[in-house]
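Shown next, in structure tokens, is the structure this report addresses.
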Amino acid sequence: MLHINCKLVYMPDSTKRLVDKEYATNNEITSFSDGYPMLMIGQESLDKLNKKLVEALPINRFRPNIVFTGGHAHIEDEMAAFSIGELNFFGVKPCARCVMTTIDQQTAASGKEPLKTLAGYRMKNNKIYFGQNVLQQQNGFITLADEIKIITQREVFI
């Protein structure tokens, strides 16, 4: 029981919400996600942030679809094209973060973190970045322990 008035919403298959055309490669669509169908964050990136925080945050605070281990902190920023298992992906751009990351999903309490700390080392052009927006080339499945292979890298954005 939620103890608040709310509505269940549905987005029919006929609804086509396109990702930003500046970054789209094939008229990709998204649904309820903010702007892209997937967000990827490396565990090392979260670990680096958590070392700077008084109280560590869980990865779900950032709502990623893909979390991986290995590599250095923020290596996801460098991934221009990569595969996971048999599927190919494109790293579109680092994800500009909003105030939603400051809300504890378990208690609904809000604060200044993690944006305050991220602003100290992940800010560019007045936006705070954490994670990589991702597009997939084809449909399919990825599974736990699938290997990520970087095909092409880009210059670090931040």
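The values are calculated or read from the model by the stated rules, or taken from the named source; none is laboratory data. Not measured: the values here are computed from a predicted model. Here the Cβ positions follow ideal geometry from the backbone for every residue, glycine too, while neighbour counts run over all protein chains shown. Note: areas computed on protein heavy atoms with side chains; ligands, DNA, RNA excluded. Shrake-Rupley method; radii C 1.70, N 1.55, O 1.52, S 1.80 Å.
At a glance:
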{"quantity": "Cα coordinate range in the chain, projected on the principal axes (Å, largest first)", "calculated": "39, 39, 34"}
{"quantity": "Given charges at beta-carbon only (K, R positive; D, E negative), |dipole| of the chain in Debye", "calculated": "600"}
{"quantity": "Environment charge of Pro94, counting only residues whose C-beta is closer than 11 Å and scoring Lys/Arg +1, Asp/Glu -1", "calculated": "+3"}
{"quantity": "Choice from Leu46, Leu144, Leu87 with maximal GNM fluctuation in the chain (Cα, 10 Å cutoff)", "calculated": "Leu144"}
{"quantity": "Accessible carbon and sulfur surface of the chain relative to its total accessible area, %, 1.4 Å", "calculated": "52"}
{"quantity": "P(r) tail fraction, segment 1-91 - alpha-carbon pairs more than 20 Å apart, %", "calculated": "53"}
{"quantity": "Accessible area (Å², 1.4 Å probe, nearest 10) - Cys95", "calculated": "20"}
{"quantity": "Reference-scaled alpha-carbon Rg (2.2 N^0.38 Å with N residues) for segment 28-78", "calculated": "1.25"}
